[in-house]
Amino acid sequence: MSCSPAPHDPPRGRLIVLAGPSGVGKSSVVARLREVLPELYFSVSATTRAARTGEVDGRDYHFVTQADFDGLIDRGELLEWAEIHGGLQRSGTPREPVERELSAGRPVLVEVDLQGARAVKAAMPEAVTVFLEPPSFDELARRLTGRGTESAAQLARRLDTARAEMAARDEFDVAVINDDLKAVVARLVHLAVDRAPLPCADPDLSPQESLQ
Ligand code: 5GP
């Protein structure tokens, strides 16, 4: 028995697992990354939480009921799932699209919390786990406060989660400080496809910058 791909199978795509404390700016990084690297498949999580203003079902998340989420778990359709923010909501990564895209040779990005990153790495050790960290904890607290979408209790819970997540930085394959969007995106492109982005993909992103 051989584990090598058949001669005509494309090489499997690279799986990138992006995590980092709440408020660190993952969504801006992911949005820019998807523009610069259209071949990247972004895993759309299922979640039991309500959509925020501007979020689109099927693009940002699959917004599902608790019963639907139970069904996904029971049928083994989630690669991983976790209770987020003290169990107030559950979010999980649909397994099939990730497998399908990796097998087709496309890079895949999964954006999850710390538990999710650990679970994906355990299930798929070839995944590259990336920790997006804020320039400082004070800066993170400032960004979380500035967002203004959470109550005081929710904010306190997010800061607790963020503190615990910051402590896990060293478990990750790569840590990237989110102080320069272009540099962070260039680094992720490099990790996802092992090459610099073409200048035509983003005129603002020179190949030199992308290799930093
Ligand atoms: P938010 O509800 O603010 O979009 O995300 C809250 C947290 O849930 C973030 O840390 C985000 O990375 C995480 N998250 C989103 N989708 C998933 C998922 O499918 N699995 C896991 N484990 N965490 C997720």
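Here, each number is a calculation from the coordinates, and none is a lab measurement. If you're wondering where the values come from, they're calculated on a predicted model, not measured in any experiment. As a convention, Cβ positions derive from the backbone with ideal geometry for all residues, glycine included, and neighbour counts pool all protein chains shown.
Charge tally for Leu79 (other residues, Cβ to Cβ under 10 Å; Lys, Arg +1; Asp, Glu -1): -3. Each Cα pair under 8 Å and six or more residues apart adds its separation to the average, and for the chain the resulting relative contact order is 29 percent.
Backbone phi angles across the stretch 19-25, fed through the Karplus curve with coefficients 6.51, -1.76 and 1.60 (θ = phi - 60°), yield HN-Hα couplings of 9, x, x, 4, x, 6, x Hz in residue order; Gly and Pro are listed as x. Beta bridges assigned by DSSP with both partners in the chain are antiparallel in approximately 30 percent of cases. Mind telling me which of Pro21, Pro107, Pro11 comes out most flexible in a GNM of the chain, alpha-carbon contacts under 10 Å? Judging by the Gaussian network model, the answer is Pro11.
Ranked for footprinting exposure by Cβ neighbours inside 10 Å, fewest first, Leu18, Leu181, Leu159, Leu188 give Leu181, Leu159, Leu18, Leu188. Note on the chain: GNM, Cα springs under 10 Å; of Ala104, Ala183, Ala162, the largest mean-square fluctuation is that of Ala104.
Counting beta carbons within 10 Å around each of Phe69, Phe63 and listing the fewest first gives the order Phe63, Phe69.
Kindly identify the chain as rounded, prolate or oblate by the Cα gyration tensor criterion: order the square roots of the eigenvalues as a ≥ b ≥ c, call it rounded if a/c is under 1.5, otherwise compare a/b with b/c, prolate if a/b is larger, else oblate. It is oblate, given that a/c is not under 1.5 and a/b is not larger than b/c.
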